[in-house]
Every structure is written in structure tokens, then in C-alpha cells.
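Visitor: Provided herewith is a single structure, encoded as C-alpha cells, for subsequent inquiry.
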Amino acid sequence: MTVPPLPPKRPGCFRVVHTSDWHLGKPLVELDRSEEHRRFLDFLLETLIAADADALVVAGDVFDGATPPQAAVRLYFDFLAALYSRSRCVAVVTAGNHDSPSHLEAPRELLGVLRTRVTASLPADPAALLIPLPSPEAPALVVAAVPFLRERDLRTGRLGQSAAEIERDLREGLQRRYAEVAEAAESWRARGVPVLAMGHLTALGATVTPESEREVHVGGLGSIGADAFPEAFAYVALGHLHRPQAVGGRQHVRYAGSPLALSFSEAADAKEVRLLDFEGGALVLNEGIPVPQARRLVWLRVAQADMEAGLRAFVPPPSELPPWVEVVVEKASPSGNLYKSVQELVEGRPFEVIKVTVEREGAQAGLLLDDACAEEEADELLADPKAVFRRRLDQEPGLDAAARAALETAFAELCELRLEEEKANI
């Protein structure tokens, strides 16, 4: 992947690259994506070198799960080792809701030798989250490395609390934690050193990609607005939401987004990492660097009656690796093996159809997979009631984004209330 032209680095400025949500080890319909992740990390390394970056901040969800595959762990360590050997860049890594704090922090002392600082759990003293860069003796920037905050970090539960009371406690807890960090950093700000705060959460007013983003807190509870972050922060580097965006119109409070399209619902997103320059105690540059997609994910909608012509005429956008396609067959008849029919029609084409979804007239839509994948996908789906509900919403025509978000929030709250009832009865 070629690094695009970058703004020149002004003498005396401190340059940072903000990224998040790598989700190393995450497959798509059981298909391995290690090669795509490897190519992104190669691109990121070359970008950091070309930009002469002083620091890299990774705002959570380095891995896709608590026990990532060894291939994913190897990608992570190989990248950090290459960053150390080929640059002078410092890496600051925080945990997301997908990461295991113990797994991420286990090699912390070793990674410290490679100029990588890892924070995966909340310390008792907020000052312990502050990392002056490049050194405490000559700081140009202080990074407040706030990891994903779990419910126990934010509130003490009480029996009989309503959903509204839990929501209030979580939001107040988030605001309190960031206020504590800002207060701890005040002595640095008094010396004219800017503060960059990290976070892994849902910010109100941001756009969620439902298919690939789990709720950070139940039903979106625990979300805070951009105005909840103290003015002491020159920039807030967020992770969790996969679409790059500013929050609440505040350009200095931003999600970097995921570098790969992690589901077909993200196929149209323009992926990026953020390039930041700090000078004179302030943020003076804040712009996105587009991330090339080694493999395109493409949605193709065709009516069953026009399926053959539509598939034969289909030409996906070019990419280095063969594109993966989800075919949505509209007005499908209840008979016949559409998955097999689609595969036969695209045989030998320079792309791969990995999902076939049918929309039947007068019936619910459904996902068609090959026999080897279907049972595993069904088991995984049924084990997660929220995923089942999201899949059902996918099948509802005319449902706008606001209505969908409200329904997902209500359903998540019902799930939490049911869970609390079950715990009370044990």
C-alpha cells in the first residue's frame, strides 16, 4: 500500500497518529483476514516513518477477543518491534471492550523496552494514566491513556435501581473519571504542555454501525456528549465506533474508526487514521490520512428474476486482494438452492461471494451460507439475543436509523433487566 503525500512537519512540533479498533484476529464469515491486517500494519508503519511521527496512540480493541489467535498476537508484536527498530516513535496502547486487560498488560514491561506504553485497566491514582512525551524532563505532550472503563470503574450498583438511574450513574461516572484525569494533568497544562486524552466508549451524536459494534455499556447507556470532556484536553482520541467522525461538531473530539471494513455495513466507509500536530501548547493540525483497502467488501442487490443478468454484469471496484461480495436476492421464491445457484453463476469471476441473503416476498429474510458455515453461524447468533434482534431489524423495510437505535436501546435494557432478575433469584 502506498503512503499518500503528507503535510510537512514543522520544526518544533510534536506529531501524533491516532488509530483504533484494529480487531486483529477477527474473521468475516469464518474467513481469515490476517493478510488484510498485515497489509494495514505495513501501511501504518510506513506512514509513521514518512510522517516522522513522534507518537502513535491506539485507542482500544487491538484484538477482537480476549484470547486472540496466535497469528494475530504475532502481527501485533511484529509491528511494535518494527516500529521500534525503524523509527523513534513511541506507541501508547489502551484496552477496548473486546480486549482482555490481563492479556494486553502481560507483556507490558517487555513492551516498555520497545517504547510501547500499555494501559488496560484503571489505576487507583488518575495521575498514573498520564504519560509525558517524549519524556518527563522535556514534555511536548501529555497523553492521558484512559482505557475502556467497565461498569465497576464507574458506579456501585444498588438493588432496585431503574434503567434511568443506572444510565445516570454511568454517565456521571464517565464524566467524573475524565474530570479527575484533567485535574491530575493541570500541573502540566500550567507549564504550557497540551493534553491528549484517550477513550473507548460511545459518544452521543456519533454514528453507530450496528452490525459490527457491540454496545459498550448496556443499550448505549454510559454514553456521554462531547461537552462532557473537559476543555483541558487539546484532543480526545476515541475508539469503539468504526466510522471515522468528529463528535457533536467538535473537531478535536474524534473517532479514528476501524482501519478495515469489519462488516458489509461498513463497506462504503472511507477508512482513515488521524494525523495530529501539537505546537505552542495547542493542536495546530488535525486531518485524516486515507487507509487503502487491500480487499473490498461489496453489497450487490439483485431481484431473483434478474439474478443471472445482474451477476454476469457485476464488476466490483478493484482491490489488491479479490473482493468479497454479499449478494442480497430480492423477491426470492421459497424453493431452490439460491446459494448454490449464485456460486455457479460467479464461478471463475475475479471476486468471491461469501454471503447470500434472501428477501422473500411475504416472509422473513434470511442468510444463506454453505453447509459448513451455516450451523456454526446459527449457533453463534442464537447465543446472542441482541444479535438475533439486530438481524430481525435488518429484515424490517422502511426502518430509519433513529427508530432502529431506539429499538436496539429498548431491547438491550430489557435484556439487562432480565439478567438482573435472574441474578436476584439465584
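Read-outs: derived from the displayed coordinates by stated rules, not from any lab. Treat the numbers as computed from the prediction; the structure is a model and nothing was measured. For neighbour counting, all protein chains shown are included, and Cβ atoms are generated from backbone atoms with ideal geometry for every residue, glycine included.
Visitor: Check cross-link reach from residue 355 to the lysines: straight Cα distance under 24 Å, and skip same-chain residues fewer than eight apart.
Guide: Qualifying lysines at Cα under 24 Å: 26, 271, 331, 340, 386.
Visitor: Would you mind putting 184-194, 53-63 in packing order, based on average other-beta-carbon counts within 10 Å, highest first?
Guide: The most tightly packed comes first, giving 53-63, 184-194.
Visitor: Using mean Cβ contacts within 10 Å as the protection proxy, how do 296-306, 146-156 order, highest first?
Guide: Descending packing order for the listed peptides: 146-156, 296-306.
Visitor: HN-Hα J couplings of region 74-86 from phi, Karplus 6.51/-1.76/1.60, θ = phi - 60°, integer Hz, Gly and Pro as x?
Guide: Coupling constants for region 74-86: 5, 4, 4, 5, 4, 5, 5, 5, 5, 4, 5, 6, 10 Hz.
Visitor: So how do 99-107, 119-127 stack up, highest first, on mean other-Cβ count within 10 Å?
Guide: So the peptides 99-107, 119-127, ranked by packing, come out 99-107, 119-127.
Visitor: Still on this structure: Find the centroid of the Cα atoms in region 134-182 and in region 1-68, then give the distance between the two in whole Å.
Guide: Cα centres, region 134-182 to region 1-68: 26 Å.
Visitor: Amide H of residue 54 versus every other amide H placed in the peptide plane: which residues, excluding those fewer than 5 positions away on the same chain, fall under 5 Å?
Guide: 15, 16
Visitor: Taking the convex hull of the Cα atoms, report for region 1-149 its projected area averaged over all directions, in nm².
Guide: Across all orientations, region 1-149 yields a mean hull projection of 9.5 nm².
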